[in-house]
1. For the stretch 204-229, which positions are part of a helix (DSSP H, G or I), open to solvent by 10 Å² or more (accessible area, probe 1.4 Å) and under 18 Å from residue 311 (Cβ atoms)?
2. Looking at residue 257, is it in contact (Cβ under 8 Å) with a residue 12 or more places away in the chain, open to solvent by less than 20 Å² (accessible area, probe 1.4 Å) and hydroxyl-bearing (Ser, Thr, Tyr)?
3. Check the stretch 15-27 and report whether any residue there is in a helix (DSSP H, G or I), free of Cβ contacts under 8 Å to residues at least 12 places away in the same chain and closer than 30 Å to residue 227 by Cβ.
4. Would you be able to say whether some residue in the stretch 354-362 is out of contact with any strand residue (DSSP E or B) (no Cβ under 9 Å at 6 or more places or on another chain) and open to solvent by less than 40 Å² (accessible area, probe 1.4 Å)?
5. Pick out the one residue from 232, 136 that is within 17 Å of the chain's Cα centre (by Cα) and in a helix (DSSP H, G or I).
6. Any residue at all in the stretch 292-309 that's surrounded by 24 or more Cβ atoms within 10 Å (Cβ to Cβ), assigned to a helix (DSSP H, G or I) and in contact with a Leu (Cβ under 8 Å, 6 or more places away or on another chain)?
7. Do we find a residue being out of contact with any helix residue (DSSP H, G or I) (no Cβ under 7 Å at 6 or more places or on another chain), small (Gly, Ala, Ser), modelled with pLDDT of 95 or more and open to solvent by 10 Å² or more (accessible area, probe 1.4 Å) anywhere in the stretch 274-285?
8. Which one of these is at pLDDT 95 or above and either β-branched (Val, Ile, Thr) or open to solvent by less than 50 Å² (accessible area, probe 1.4 Å) (or both): 61, 96, 85?
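The values are calculated or read from the model by the stated rules, or taken from the named source; none is laboratory data. Nothing here was measured: the structure is a model prediction, and the numbers come from that model. FYI the Cβ positions are ideal-geometry reconstructions off the backbone, even for glycines, and counts take in every protein chain you see. Note: accessible area is taken over every heavy atom of the protein model, side chains too, but ligands, DNA and RNA are not part of it. Shrake-Rupley method; radii C 1.70, N 1.55, O 1.52, S 1.80 Å.
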Amino acid sequence: MSRDVRLEDPRWDARATGSVRTIRLLMLVAAPLALLYFGWLLQPERVGNPVLYGVLVAAELFNLVQAAGFWWTTARQVVRPDIALPAGWRPRVDVLVPVYGEPVDVVEPTIAAAREMRGADVEVFLLDDGGDADMRALAGRHGARYVTRERHEGAKAGNINHALARTSAEFVAVFDCDHVPDVRFLEQTLGHFEDDGLAFVQTPQYYANAGEGRIQAAAWAQQALFFGAIARGKDGHGAMFCAGTNVVFRRTALEQTGGFPEGPLTEDFELSVDLHARGWRSAYVPEVLARGLGPEDMASYVSQQQRWARGCLSAVRTTLRARLSLRVRAQYLLSSMYFLSGWTVLVYMAMPIIRITTGLQPLDGSTADQFLMHFAPYFGWALLTVSIAGAGSYTFGAFALQSASFWIGVQATVLTLLRRRGSFVVTPKRGEVRRQLRPVWPALAVVALLLGAALWGLLGGVSAGTLNNVAFAFLHIVVVLSGIWVALVPAAPVPAAAAPISPRAEPGRAGAAPRERLVA
């Protein structure tokens, strides 16, 4: 039985971009607003408690670097033109779909659709690291080759490398098992390989279930901002990296690196660093050519983000050591260090608690009105830039979920500094409709501290400073609770309007007999 997926054009268009000229004009206004705020903040008379002041300034400078990086990236967006396949050229493409314990009804639409892709001689390989007889039968139903291995080392990367050693096509396409490719996927990507120095072509990682729940919608809004303005900008800087799915590689490029690195948690990211360091180029085609599933509950989202955070932070050392141009290195570091933003959220939430309970504060010689007069224009303009650059794709739900998940970046930083290796965990493809307290207990703990501090302040005597900090505490409470509410009060998913995938079978293909089982 096949999973239903939406086949109609998605409401989100990865090619839709606001005017780069508009973004550059926004940058020109942002610069004096940033100077106004930091010129005020860094005056010696602003120093309250020196330690708290230093922590606050460090957090603000980090956010300034991230904001400047966002403006710099999105001001160089490109949308590559379609490149038709040369007449008479019909390359061979090996399509690899790694699987590890996912449900058959999730995997089957991907295998069936991969067999129907046009523009090349396609051979589909179902790479089953679970040794599931049902998966072998699924491959047989659709004329795909079933590949398994006896030693399950290197997780997804090892699974792919095992298959690379047993295949030979000029190009290799990789899809996560829940990402269903469009029939035009190869037609829209292979033409770009007319550039002999191109290692891979990446396309968006689109979540087709974004309309089925709050977690899916918020997770997709985060992805949409990246695969929209940011990815187009990275492509303009020559620094687009592989996202691990919905991607086509030139085999000779993979052979130079020895395949995917099997140690890192984000093997796709570190593979991209290696390829760029070797002089290969990448391309981004901003068109939704595959539709997948985003995390469907809080536990799945947290698991995904933990892997991404630890993997990207661990890649900082690799990026610093790699022989990259300054521009490309900066782009990789911006992506890696994004996950440090959890520390800044922690700092902002801790400040009202410390002020209310101890009387210590980072700033002195200023009122809340003065602070907001200098901070609000700078912060508001940054939000406006994100909204315009992302064409409205980034929502409050995405912001709240990111803020409530601050602890993931904090945890990932500590574990990375301790050099604690994590294990590759597959993001579950089925959500649970039940209360999930474990994935959100750090956020709940912070809410409890904020609430306790606010009540303590109100009961201990009302002053202007106390009221200001109580207001900030309640603002943080509202944002964090908005981000984790779905884990506390789960709702049944809303079925999406769907059309079942039932690719037209060609004689001797969809009903072909099972191919040989490859074992090594």
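1. Answer for the stretch 204-229, where residues must be part of a helix (DSSP H, G or I), open to solvent by 10 Å² or more (accessible area, probe 1.4 Å) and under 18 Å from residue 311 (Cβ atoms): 222, 223, 226.
2. Values: in contact (Cβ under 8 Å) with a residue 12 or more places away in the chain: yes; open to solvent by less than 20 Å² (accessible area, probe 1.4 Å): no; hydroxyl-bearing (Ser, Thr, Tyr): yes.
Spelling it out, it is not the case that residue 257 is in contact (Cβ under 8 Å) with a residue 12 or more places away in the chain, open to solvent by less than 20 Å² (accessible area, probe 1.4 Å) and hydroxyl-bearing (Ser, Thr, Tyr).
3. Here is the first cut: in the stretch 15-27, the residues in a helix (DSSP H, G or I) are 20-27.
Narrowing the set further to residues that are free of Cβ contacts under 8 Å to residues at least 12 places away in the same chain leaves 21, 25.
Going one step further and asking which of them are closer than 30 Å to residue 227 by Cβ, we end up with 21, 25.
So far as the stretch 15-27 goes, yes, one or more of its residues are in a helix (DSSP H, G or I), free of Cβ contacts under 8 Å to residues at least 12 places away in the same chain and closer than 30 Å to residue 227 by Cβ.
4. Taking the stretch 354-362 first, the residues out of contact with any strand residue (DSSP E or B) (no Cβ under 9 Å at 6 or more places or on another chain) are 354-361.
Those left that are additionally open to solvent by less than 40 Å² (accessible area, probe 1.4 Å): 356.
Yes, some residue in the stretch 354-362 is out of contact with any strand residue (DSSP E or B) (no Cβ under 9 Å at 6 or more places or on another chain) and open to solvent by less than 40 Å² (accessible area, probe 1.4 Å).
5. Values: 136 fails: within 17 Å of the chain's Cα centre (by Cα).
Result: 232 is the single residue among 232, 136 that is within 17 Å of the chain's Cα centre (by Cα) and in a helix (DSSP H, G or I).
6. Looking for residues that are surrounded by 24 or more Cβ atoms within 10 Å (Cβ to Cβ), assigned to a helix (DSSP H, G or I) and in contact with a Leu (Cβ under 8 Å, 6 or more places away or on another chain), one finds at least one in the stretch 292-309, hence yes.
7. Yes: the stretch 274-285 contains one or more residues that are out of contact with any helix residue (DSSP H, G or I) (no Cβ under 7 Å at 6 or more places or on another chain), small (Gly, Ala, Ser), modelled with pLDDT of 95 or more and open to solvent by 10 Å² or more (accessible area, probe 1.4 Å).
8. When all the criteria are applied, what remains is 96.
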